[in-house]
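Presented below is the structure to which this report refers.
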């Protein structure tokens, strides 16, 4: 059954889910996994260089997207980061099929560069690590809007990107391992849950 | 002729089958085909249980969609509403899905290592308590042939009208209060929206549970129903509708097994009547 669902159907259903009500927007892992699989096949089919060619974002936007995704979920001692998990490709692929994302993410990246130009006289990628942290700290919290209403669009953009980054990361092989998710596999015996530790 | 096109689609087929003998649709002398469409009144509350973050990683998945089940227990007392509902309880270290960490991202915001830690810490700590109630049909919920829209084969499609009744709203409110109390009594904190009709008591969406039944209902009286108790049309003896369209009310439990049982019963009857040359 799943194999009869077209690539476009999968992407559309995932992109739709973001727009619907919270009660209904949980989408099965299988469909997200199919997006990751599509990307793997695309990568394998790409030229010997193997570089990913973004479908929607310009080269500059895509590099910025990569930097932001990695900032949202960086590598640590337990697992690799968003880039290694294929999150920017995941987001690019979904965005290529969704007009709302194209506007919110494409426009959001332009907003970020324009704001960095105002603040630091250069675009986000050319900012120093300290400057990048400063702007992300402004965008990562809703309450900052009270001090500076000009941040509202950027905060909304960052919230969407954060949601999509967690989606892409935790439905990837790296993310699933990071959570120690152990199900969806054959077991000869099902012992159930261990007890809740005391204290 | 045996139709099993699913609720609504069976109604659509009959309504579109007009003839001089049946000007308002096949077997529709009662005018009730399309009427009394139902879904499942529902509400849900999500609870956060920090204790669960301490459980060591383990295989939490049994068969798909596994949940604890509590049948209706307040059948022997006076309630604010008619009929009842059951409870489905599930959660824990389930398969990761798209949207799973949107709540964590919204609650804690930020980014980087702290966000990643929050996702790990919160994974497996949410328990969903969901209610599924019985819907009594009402006059305001129905489908009819759309006068201006056809499908890709040129066949007129349905248009829908749907409204929950006061009974449905009271039931959803009762679910909402009960589930909040269950979560709190179990040592958790409700983290989803609770408590008001404006917030639909967590999950009272028209068609939200997608248990659509009714629209070609069964009954003893040909004036107030389309089919008899064996899914046979009152108007046309050799016409049977053997899907969820025949439901006269929508019980709280998922309809599939009931559809199969009714279909089985109708098939036995059909065979018996055919042998007697009554069809």
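The values are calculated or read from the model by the stated rules, or taken from the named source; none is laboratory data. What you are looking at is a predicted structure, and each value in this text was computed from that prediction instead of being measured. We place every Cβ from the backbone using ideal geometry, glycine too, and count neighbours over all the protein chains shown.
Evaluate the stretch B:68-87: report whether one residue or more is touching a strand residue (DSSP E or B) at 6+ places or on another chain (Cβ under 8 Å), within 14 Å of chain A (Cβ to nearest Cβ) and either surrounded by fewer than 19 Cβ atoms within 10 Å (Cβ to Cβ) or within 28 Å of residue B:165 (Cα to Cα) (or both). Yes. Selection over the stretch A:169-188 of residues that are touching a strand residue (DSSP E or B) at 6+ places or on another chain (Cβ under 9 Å) and in contact (Cβ under 8 Å) with a residue 24 or more places away in the chain gives a count of 1.
Listed here are the residues, each with its yes/no results for (1) at pLDDT 95 or above; (2) assigned to a loop (DSSP other than H, G, I, E, B); (3) under 30 Å from residue A:196 (Cα atoms).
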{"site": "B:5", "(1), (2), (3)": "yes, yes, no"}
{"site": "B:14", "(1), (2), (3)": "yes, no, no"}
{"site": "B:20", "(1), (2), (3)": "yes, yes, no"}
{"site": "B:24", "(1), (2), (3)": "yes, yes, no"}
{"site": "B:29", "(1), (2), (3)": "yes, yes, no"}
{"site": "B:47", "(1), (2), (3)": "no, no, yes"}
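Taken over the stretch B:104-117, the residue count meeting the criterion of being in a helix (DSSP H, G or I) and either under 20 Å from residue B:94 (Cα atoms) or within 7 Å of chain A (Cβ to nearest Cβ) (or both) is 6. Of the residues making up the stretch A:167-184, those that are at the interface with chain B (Cβ under 7 Å from one of its Cβ atoms) and not in a helix (DSSP H, G or I) number 7.
Would you be able to say whether some residue in the stretch B:210-227 is surrounded by fewer than 17 Cβ atoms within 10 Å (Cβ to Cβ), more than 26 Å from residue B:22 (Cβ to Cβ) and within 14 Å of another protein chain (Cβ to nearest Cβ)? Checked against the condition, which is being surrounded by fewer than 17 Cβ atoms within 10 Å (Cβ to Cβ), more than 26 Å from residue B:22 (Cβ to Cβ) and within 14 Å of another protein chain (Cβ to nearest Cβ), the stretch B:210-227 yields at least one hit. Any residue in the stretch B:127-137 that is more than 10 Å from chain A (Cβ to nearest Cβ), exposed (fewer than 13 other Cβ atoms within 10 Å of the Cβ) and on the phi < 0 side of the Ramachandran plot? No, that holds for no residue.
For residue A:78, the requirement of being within 25 Å of residue B:100 (Cα to Cα), buried (at least 18 other Cβ atoms within 10 Å of the Cβ) and either within 12 Å of chain B (Cβ to nearest Cβ) or modelled with pLDDT under 95 (or both) is not met.
Collect the residues in the stretch B:49-76 that are in a loop (DSSP other than H, G, I, E, B), under 25 Å from the mean Cα position of the chain (by Cα) and either modelled with pLDDT of 90 or more or within 19 Å of residue B:135 (Cβ to Cβ) (or both), keeping them in residue-number order.
Applying the first criterion (in a loop (DSSP other than H, G, I, E, B)) to the stretch B:49-76 yields B:49, B:55-67, B:71-76.
Filter once more, so that each one left must be under 25 Å from the mean Cα position of the chain (by Cα): B:61-67, B:71-76.
Those that are in a loop (DSSP other than H, G, I, E, B), under 25 Å from the mean Cα position of the chain (by Cα) and either modelled with pLDDT of 90 or more or within 19 Å of residue B:135 (Cβ to Cβ) (or both): B:71, B:72, B:73, B:74, B:75, B:76.
In this structure, residue A:191 does not satisfy being modelled with pLDDT under 95, in contact with a helix residue (DSSP H, G or I) (Cβ under 9 Å, 6 or more places away or on another chain) and either within 9 Å of chain B (Cβ to nearest Cβ) or within 30 Å of residue B:52 (Cα to Cα) (or both).
The one condition from (1) more than 8 Å from chain A (Cβ to nearest Cβ); (2) more than 29 Å from residue B:196 (Cα to Cα); (3) crowded, with 17+ Cβ neighbours inside 10 Å that residue B:151 does not meet is (3).
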